[in-house]
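Undergrad: Let me give you the structure first, and then I'll get to my questions.
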Amino acid sequence: MAAALQACDLVVDARIGDALVPVIRDLSFELQAGKILGLIGESGAGKSMVGRAVAQLLPQGFAITAGALFFEGKDLLKMPPAHRRFLLGRAIGFIPQAPLTALNPVLTIGAQFDEHLARLGCTSSRERRQSAVAMLEAARLPRPSDLLRCYPHQLSGGMCQRVLIAMAFASDPRLVIADEPTTALDVTLHAPIIRLIADMQRRHRTAVLFITHDLRLAAQICDDVIVMYAGRAVESGPARAVLSNPAHPYTRCLQLANPSMQGDCRALYVMPEQMPSLRQLAGMSGCHFAPRCPLAMEDCQRVAPPDQTIAPGRRAACLHVATTPSIAAKAPAAMAASAAARPVLALEGVHKRYIVRAGLLGTARIVTAVKNASFSIRENEFVALVGESGSGKSTIARLLVGLEQPDAGRILLNGEDVGSASARNHDLRTKSLQMVFQDPYSALNPRRRIASIVTQAMEAGSRHADWDQRLARTRDLLAEVGLPSDLATRFPHQLSGGQRQRINIARALCTLPTVLIADEIVSGLDVSIQAQLLNLLARLRAELGFAMLFISHDLSAVRFLCSRVLVMYRGEIVEEGPTETVFADPRHSHTRALVSSVPPDNPEAPWPAFDVAQPTV
């Protein structure tokens, strides 16, 4: 029986100037019906490009130049375009990464589902509605008939993702390509969404190409995995075998860059540099991972490593596979004790309410975003604030930095109440408290050079400084966050995502604040960049001695970085305490739900939250 999807020496090239640079190099795999194949690796590895090659949706300047891509024995590359388009959405379904942007905001869910089913050939509007209700019900969505009348913005991210999963499986496809289907969702939704995909896949006996950068998730859902680096498959085999005992140094480095949730809290391995760009690839020879590999030898720079079989069903492209287990992270730096230190930031009985109106003439209602929040942060203490989207975490951040004022309660900064809006309170906040924003792309002014951005706080008022002073401070700040001084004259678009987030941190540190407010600053980043930033924050804490409120939904990052954790649920802090104690023995039901939503560190260990026998909530 022919494989559902088979790639044979597939090559995708990109035109860079006058040269053709391979983006996908000699990729071969087989995905059988009823199986799930994971593609894992950092951004730029070529994972999503494989899915785009199947759909023939390659970016301008990219083209398949060699090899074959078979769907059920038929070469998609030689198929007439009309026949290939007929397969897409029918025999081949897609689950995109960002649910809120994948759905049309001006059409109801029912209209979009109806349009999709009409394209599949269902001519009866009554049958289309019945089919839509049945698929939404199969996707465990409540009140599917009512949901058809809703617009995407009226649904949560998790509900929108379930709608897209229902649409992908509506045609009973033989192949589904799921591109990072949980990346944009809360951690508590990961297990239900993955369980839903696995349940639908088993029910329809569908083959699934699962694209992800989450190694823990891949180990739980995938039958086999392919680890990609710079467009090449560097390791492949059964998912749990590959991720339990990596053979390629790159897979091992990714594994060690992930913070752990069980056992001793270990240091994170940080790979130097970043994935080579297309221009860099054009001039590289030998193993493309060699510049970042801790085991690289002289022959690695000259010889492209061949694929070699290391066990039945397992292959790796490395000249020194036997030495991979020797890669280890350095011992973690000891965290400074803060129990006896004085509180530098405190909330006492803080409330925040908003008036929400449905439409221009709709009835107004009061929504309580924060209810009776009380906590304190001591000198040199890193405290985490965790919870689902909408729990009130970002509202607390906005209250702390003065973007909102509390309706009741007090905000104390170094013992002074700064809750009200006044020039004096603004000055106190600016001197002692700084925010590191989530998105480094939108947080940095694209028209300013880096030196101007990181020293922006030195432009006005009592901190006004001349340009020589600002350049000197820029060099100090760039050195503190581990960046070369020659970046001072560049613009944000000339930096990588990880470099931009370091600039974001450097800007916040310019005035030597007492407290940093970090709002989801490692969310959505590659595991290698996340490890760099977490290690950086731990080092800066030891060197500069500031406190931080670390807002995150990544519990493993929280465990690595923070000594104490606050859990928010529906505007209230429902549990708090030492991080190790709270995660090991959670008392509140929501804390238990958060902790159980994280896949186990050991790929061989069961994940109760992923048990397909459980109902998908």
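Undergrad: What is the residue count in segment 391-425 for residues that are crowded, with 21+ Cβ neighbours inside 10 Å and assigned to a helix (DSSP H, G or I)?
TA: The total comes to 6.
Each row is one residue, and each column tells you yes or no for (1) assigned to a strand (DSSP E or B); (2) more than 30 Å from Pro246 (Cβ to Cβ); (3) open to solvent by less than 20 Å² (accessible area, probe 1.4 Å).
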site: Ala3; (1), (2), (3): no, no, yes
site: Cys8; (1), (2), (3): yes, no, no
site: Val21; (1), (2), (3): yes, no, yes
site: Ser28; (1), (2), (3): yes, no, no
site: Gln60; (1), (2), (3): no, yes, no
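Undergrad: A further question on this structure: List the pairs whose first member sits in segment 426-443 and is crowded, with 17+ Cβ neighbours inside 10 Å, whose second member is charged (D, E, K, R) and part of a helix (DSSP H, G or I), and whose Cβ atoms are under 6 Å apart, counting only residues at least 6 apart or on separate chains?
TA: Pairs found: Pro440/Arg500.
Undergrad: When you check Arg162 against the structure, is it free of Cβ contacts under 8 Å to residues at least 60 places away in the same chain, open to solvent by less than 50 Å² (accessible area, probe 1.4 Å), under 26 Å from Ala91 (Cβ atoms) and of a type in the set (D, E, K, R), yes or no?
TA: Details: free of Cβ contacts under 8 Å to residues at least 60 places away in the same chain: yes; open to solvent by less than 50 Å² (accessible area, probe 1.4 Å): yes; under 26 Å from Ala91 (Cβ atoms): yes; of a type in the set (D, E, K, R): yes.
Criteria met by Arg162.
Undergrad: When the residues of segment 520-574 are filtered to those that are open to solvent by less than 10 Å² (accessible area, probe 1.4 Å) and of a type in the set (S, T, N, Q), which remaining residue is farthest from the chain's Cα centre (by Cα)?
TA: Residue satisfying both the conditions and the ranking: Ser556.
Undergrad: Could you count how many residues in segment 207-253 are touching a Lys or Arg at 6+ places or on another chain (Cβ under 6 Å) and within 21 Å of Pro600 (Cβ to Cβ)?
TA: 4
Undergrad: A further question on this structure: Out of everything in segment 183-220 that is in a helix (DSSP H, G or I), out of contact with any Ser or Thr (no Cβ under 9 Å at 6 or more places or on another chain) and farther than 20 Å from Ile40 by Cα, what residue ends up being most open to solvent (accessible area, probe 1.4 Å)?
TA: The qualifying residue most open to solvent (accessible area, probe 1.4 Å) is Arg202.
Undergrad: Does Ser374 meet the test of being in contact with a Gly (Cβ under 9 Å, 6 or more places away or on another chain), part of a loop (DSSP other than H, G, I, E, B) and over 13 Å from Arg353 (Cα atoms)? Steps first, please.
TA: Values: in contact with a Gly (Cβ under 9 Å, 6 or more places away or on another chain): yes; part of a loop (DSSP other than H, G, I, E, B): no; over 13 Å from Arg353 (Cα atoms): yes.
No, not satisfied.
Undergrad: Here is a further query. Within the bounds of segment 244-264, is there any residue that is of a type in the set (Asp, Glu) and either closer than 30 Å to Cys562 by Cα or crowded, with 23+ Cβ neighbours inside 10 Å (or both)?
TA: Just the residues of segment 244-264 that are of a type in the set (Asp, Glu), to begin with: 264.
From what's left, either closer than 30 Å to Cys562 by Cα or crowded, with 23+ Cβ neighbours inside 10 Å (or both): 264.
Yes: segment 244-264 contains one or more residues that are of a type in the set (Asp, Glu) and either closer than 30 Å to Cys562 by Cα or crowded, with 23+ Cβ neighbours inside 10 Å (or both).
To keep it simple, each residue is scored yes or no on (1) touching a strand residue (DSSP E or B) at 6+ places or on another chain (Cβ under 9 Å); (2) of a type outside the set (Asp, Glu); (3) free of Cβ contacts under 8 Å to residues at least 60 places away in the same chain.
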residue: Phe550; (1), (2), (3): yes, yes, no
residue: Val567; (1), (2), (3): yes, yes, no
residue: Gly577; (1), (2), (3): yes, yes, yes
residue: Phe583; (1), (2), (3): yes, yes, no
residue: Thr591; (1), (2), (3): yes, yes, yes
residue: Val598; (1), (2), (3): no, yes, no
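Undergrad: Right, next: On the basis of being under 18 Å from His116 (Cα atoms) and surrounded by fewer than 21 Cβ atoms within 10 Å (Cβ to Cβ), does Ser156 make the cut? Don't jump to the end; show me each part of the working.
TA: Working: under 18 Å from His116 (Cα atoms): no; surrounded by fewer than 21 Cβ atoms within 10 Å (Cβ to Cβ): yes.
In short, no.
Undergrad: Can I ask one more? Name the one entry in Leu533, Leu516, Leu512, Leu540 that is assigned to a loop (DSSP other than H, G, I, E, B), within 19 Å of Leu478 (Cβ to Cβ) and hydrophobic (A, V, I, L, M, F, W, C).
TA: Working: Leu533 fails: assigned to a loop (DSSP other than H, G, I, E, B); Leu516 fails: assigned to a loop (DSSP other than H, G, I, E, B); Leu540 fails: assigned to a loop (DSSP other than H, G, I, E, B).
One residue alone meets the criteria, Leu512.
Undergrad: Which numbered condition in (1) in contact (Cβ under 8 Å) with a residue 12 or more places away in the chain; (2) of a type outside the set (Phe, Trp, Tyr); (3) more than 29 Å from Ser523 (Cβ to Cβ) is the only one that Ile193 fails?
TA: (3)
Undergrad: Across segment 72-130, what is the total count of residues that are of a type in the set (S, T, N, Q), open to solvent by 60 Å² or more (accessible area, probe 1.4 Å) and not in a loop (DSSP other than H, G, I, E, B)?
TA: 3
Undergrad: Check Ala465 against each of (1) in contact with a Lys or Arg (Cβ under 9 Å, 6 or more places away or on another chain); (2) surrounded by 17 or more Cβ atoms within 10 Å (Cβ to Cβ) and name the one condition it does not meet.
TA: Only one criterion is unmet by Ala465, namely (2).
Undergrad: Within segment 95-109, is even one residue touching a strand residue (DSSP E or B) at 6+ places or on another chain (Cβ under 8 Å) and of a type in the set (A, V, I, L, M, F, W, C)?
TA: So in segment 95-109, the residues touching a strand residue (DSSP E or B) at 6+ places or on another chain (Cβ under 8 Å) come out as 95-97.
Pick out the ones that are also of a type in the set (A, V, I, L, M, F, W, C) and you get 95.
Checking segment 95-109: at least one residue is touching a strand residue (DSSP E or B) at 6+ places or on another chain (Cβ under 8 Å) and of a type in the set (A, V, I, L, M, F, W, C).
The values are calculated or read from the model by the stated rules, or taken from the named source; none is laboratory data. No experiment lies behind these values; they were computed from the predicted model shown. Don't worry about glycine lacking a Cβ; one is built from the backbone with ideal geometry, like all the others, and counts go over all protein chains shown. When the accessible area is computed, the model is the full protein with side chains, heavy atoms only, and any ligands, DNA or RNA have been set aside. Shrake-Rupley method; radii C 1.70, N 1.55, O 1.52, S 1.80 Å.
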